[in-house]
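Read the figures in this text as sums done on the coordinates, not as results from a lab. Just so it is clear, the model here is predicted, and its values are computed rather than measured. Note that we place each Cβ from the backbone using ideal geometry, even for glycine, and neighbour counts take in every protein chain shown.
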Amino acid sequence: MTRSTFFASTRRAFVAGALGASLGWALLGRRGQAQQRTRTGGKRPPADHCVILTMNGGMAQTDTFDPKPGTRNAGPLAAIDTAAPGLRFSELLPRLAGEARELAVIRSMVTSEGAHERARYLLHTGYAPSGTVRHPDLGALVAQGKHDEEFDLPAYVAVGGGGLGAGVLGVGYEPFRVADPRQPVENLSYAPGVNALRWQRRRKLLTILERRFLRRHPGEETRGHTQVYERADRLMHAAEVEAFSLAREPSGLREAYGQNPFGQGCLLARRLVEAGVPAVEVQLGGWDTHQDNFTRNRELAAMLDAGLASLLHDLRERDLLRKTLVLVLSEFGRTPGINANEGRDHWTRGWSVVLAGGPVRGGQAVGATGRDGTQGVERPVCVPDLFASIFRALGIDPARVNETPNGRPIRAVDAGGKVVGELFA
């Protein structure tokens, strides 16, 4: 049996069975705020937290944040005015229209990646896929830049299937995954038949075995495994673990967010930010609307509208929005034109992403896509530009270098990425 096989089978089997829990995730916290007091160049300091809302499948910009009223491409949807003069949204986003003063919409995103898997990788990591390198995703990079070793909650939480993972950063920055925020999070309490005393005995035995194994098989993989379980133990006994329980929230507030996984994920994100977690990703899937686009988008946009609007309001009421960067991201957009199946296909030449909070200046649109969305892109923004802007908003060094296992240096943000200055003007 090889070392890796032994590590993958024997160790996992022992821990899952004997310890009474299975917690394969990273537990890092945020770095002390004193280390992040660099300025963004504007009047407001960088954000301490980042909430990433991922619209998986490719959100239709024409039906959300870049409507084309009075054109054939608008379909049956109207555009509505917002709280920000001159900024209009689709009628499917009435609550977000009221929050538009907080939102900066980049309407001119461009990419060369039109296939879901490759485009999703680029959106999450800032790099095109490479067969030899697993780049860390945005949440892991934020966790690396903001963590505090003394903080007991995870530095990065992925809700509803989001998050590509830590890549070359290693197990220490893998996300803690919450499948459905409406359900109690698994493995945060003792297993049936295990009390505090039995837990302590098993932890002591595990520690002995870990040390023996580490002496025989030293390496990053082994040390990372040990670190995960040490921090898992800390989380299970931390007072802050209550941040994962939505049962403590008023029923009216839960209704406002929407009684669906995405809406409740946004509420969980607020609770985690309030508790000090640096990075949270919440995924809303189903946007790949090649067919029946308008019926499906009414359902999807309603969830986005309620979840995001409630999150922004909630963060602002708690004086957390100025400390939190909120992102709405999609791997690409959808064609302005409507196909024969009443759907929209993949579109890489002018789609929308949204930023809010922290030092971002809301109430504006950056870039444009013409009267009906097909005339070309004004002020194009690529994904590395977006990443450079996100890192500026968070006060994290984009030139930070991480290394692959074979020693190859990789910048946190591609050197070609340029900050979108309008976001901070």
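Stretch T71-R408 to full length: gain in nm at 0.36 nm per residue minus the Cα-Cα span? Please report the intermediate quantities before stating the final value.
Working: separation 337, 0.36 × 337 = 121.32 nm, distance 5.03 nm.
Stretched fully, the T71-R408 segment lengthens by 116.3 nm.
When the helix-only estimate is applied to the chain (DSSP H runs of n ≥ 4, each -39,500 (n - 2.57), divided by the residue count), what is the mean residue ellipticity at 222 nm, nearest 500 deg cm²/dmol?
-9000 deg cm²/dmol
Can you give the FRET efficiency for V401 and R318, using 1/(1 + (r/R0)^6), R0 = 41 Å, r = Cβ-Cβ distance, to the nearest 0.05? It would help to have the intermediate numbers written out before the result.
On the way: r = 36 Å, r/R0 = 0.87.
Working from the Cβ atoms, E equals 0.70.
Order 165-175, 70-80 from most to least packed using the mean count of other Cβ atoms within 10 Å.
Peptide ranking by packing, descending: 165-175, 70-80.
Order of E150, E186, E99 from fewest to most other C-beta atoms within 10 Å?
The fewest-first ordering by Cβ neighbours comes to E150, E186, E99.
How large is the dipole of region 116-188 about the Cα centre if only Lys and Arg carry +1 and Asp and Glu carry -1, each at its Cβ, rounded to the nearest 20 debye?
So the magnitude is around 420 debye.
On a 0 to 90° scale, report how tilted helix 116-125 is relative to the longest principal axis of the chain, with both axes built from alpha carbons and the result rounded to the nearest 10.
It is inclined by approximately 70 degrees.
For the chain, with only Lys/Arg (+1) and Asp/Glu (-1) charged at the beta-carbon, what is the dipole magnitude about the Cα centre, in debye rounded to 20?
1320
Among V282, V401, rank each residue by its count of other Cβ atoms within 10 Å, from fewest to most, as a rough exposure measure.
Result, fewest neighbours first: V401, V282.
Using only Cα atoms, tell me the angle between helix 196-216 and the longest principal axis of the chain; keep it within 0 to 90° and round to the nearest 10.
The two axes meet at around 90 degrees.
Normalised by the number of residues in the chain, what is the relative contact order in percent for Cα pairs under 8 Å and 6+ residues apart?
29
Report the extension gain between Q200 and Q183 in nm, rounded to one decimal, defined as 0.36 nm multiplied by the number of residues separating them, less their alpha carbon distance.
3.4 nm
Determine the dipole magnitude for region 274-422: charges of +1 sit on the beta-carbon of Lys and Arg, -1 on that of Asp and Glu, nothing else is charged, the reference point is the Cα centre, and the result goes in debye to the nearest 20.
It works out to roughly 460 debye.
Compute the long axis of helix 293-317 from its Cα atoms, compare it with the longest principal axis of the Cα atoms of the chain, and write down the angle in degrees, 0 to 90, nearest 10.
Once rounded, the angle reads 70 degrees.
Quick check on my link table: of K43/K418; K68/K323; K43/K146; K146/K204, which ones sit more than 26 Å apart, alpha carbon to alpha carbon?
K68/K323; K146/K204
Test of understanding: ordering V381, V185 by Cβ neighbours within 10 Å, fewest first, what list do you get? Intermediate results must be reported in sequence, preceding the final value.
On the way: V381 24, V185 18.
By the 10 Å Cβ count, ascending, the order reads V185, V381.
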